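The values are calculated or read from the model by the stated rules, or taken from the named source; none is laboratory data. As the structure is a computational prediction, the values presented were derived from the model and not from experiment. Positions of Cβ are generated from backbone atoms using ideal geometry, with glycine treated the same way; all protein chains shown enter the neighbour counts.
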Amino acid sequence: MKSSVITFPGSNCDRDMDVALKKFGFKNKMVWHDDAELPKSDLVVLPGGFSYGDYLRCGSMASKSKIMKSVINFANSGGMVMGICNGFQILVESGLVPGVLLRNKYLEFICKNVFLKINNKKNTYFKNINNDVLEFHIAHNEGNYFCTKDQLKEIEDNEQIAINYCNKEGKIENQFNPNGSIKNIAGIFNKEKNVLGMMPHPERMIDPYLSGEDGSLFFNNLINNIK
Amino acid sequence: MKVSVIITLKKDVLDPQGKIIHQTLDGMGFNDVNEVRQGKYFEIDTKENDQKKAKDKVEEMCKKLLANLVIENYKIIDAQ
């Protein structure tokens, strides 16, 4: 299985993602944002970081970079595109997934582990995963998911909510919402479910000694689903 | 020609930064403030000398990059 990780100026989780993808069997290539062509890929990842120093709005500059034209075409023809953290911000700015990511409600940079309830398993990302709750890491300043009422209705009607912030038992309540996101949304799909944007970092949870292994679970499942 | 644009958050969108600025002003003794909303201001110096054309071009820039229309409004306030 082939994957591509896009590096933008200011990306800083691109190499972590490379390590994670390779560990679980992907043949990964790093792709520079100024390249026009996307290598043949089964999965394209927009990694976390601070592309273009978060100038203007997080992800807004990166969403207009050369490679994004190819990424958008790839996604529109059914290709799998996953955006993590700043990658999620780039996805919303490019219009591949609906909504925006605002400054966290309490103006804090949040860096901690969170529990996430998988809301929809009828897609290549979460199909066949046994757990209903995953523990991933978040580290962001702008992860407060927001969309208009009409968009929210559409997202819910189309089952586009991928994961919600919850407690260990999977309860989705306001007190487990770290950043003020509407409906505790931590990740969403596009309508067709081939594009996934999420704030949490699965690539930081692939080592039993350093973190946890829920990321391993996710990537193992993902490559098996793509095969 | 210089075109000036302001970008503001839409009414229903939470503005935590504006809120903190309001609180700080309050702490400084400016107690008659009802609300603070933070926005952005751009000054775009363009080669275009026709006012209408320059405004149209900047409007396109607002829609495509400068503003995110899900949460923000833009207003061209000056072109000369």
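Could you please find all residues in region A:132-158 being charged (D, E, K, R) and touching a residue at least 40 places away in the same chain (Cβ under 8 Å)?
Selection gives A:Glu135, A:Glu142, A:Glu154.
When region B:51-77 is filtered for residues that are exposed (fewer than 12 other Cβ atoms within 10 Å of the Cβ) and under 13 Å from B:Met1 (Cα atoms), only B:Lys52 remains. The set of residues in region B:50-67 being part of a helix (DSSP H, G or I) and either within 15 Å of the chain's Cα centre (by Cα) or within 14 Å of chain A (Cβ to nearest Cβ) (or both) consists of B:Val58, B:Glu59, B:Glu60, B:Met61, B:Cys62, B:Lys63, B:Lys64, B:Leu65, B:Leu66. For region B:5-27, the criterion of being within 14 Å of another protein chain (Cβ to nearest Cβ), loosely packed, with under 15 Cβ neighbours inside 10 Å and under 12 Å from B:Ile77 (Cβ atoms) is satisfied by no residue at all.
Filter region B:33-49 down to the residues that are within 13 Å of another protein chain (Cβ to nearest Cβ) and surrounded by 11 or more Cβ atoms within 10 Å (Cβ to Cβ) and list them by number.
B:Gln38, B:Gly39, B:Lys40, B:Phe42
One residue stands out among those in region A:132-190 that are within 14 Å of chain B (Cβ to nearest Cβ) and surrounded by fewer than 16 Cβ atoms within 10 Å (Cβ to Cβ): the one that is modelled with the highest pLDDT, which is A:Glu154.
In region A:52-65, the residues that are farther than 19 Å from A:Met199 by Cβ reach residues that are among the aliphatic types (A, V, I, L, M) and not in a helix (DSSP H, G or I) with C-beta atoms within less than 8 angstrom, at least six apart or across chains, in these pairs: A:Tyr55/A:Met61.
Sort through A:Leu96, A:Leu38 and tell me the only one that's within 14 Å of another protein chain (Cβ to nearest Cβ) and in contact (Cβ under 8 Å) with a residue 24 or more places away in the chain.
After ruling out the rest, the residue left standing is A:Leu96.
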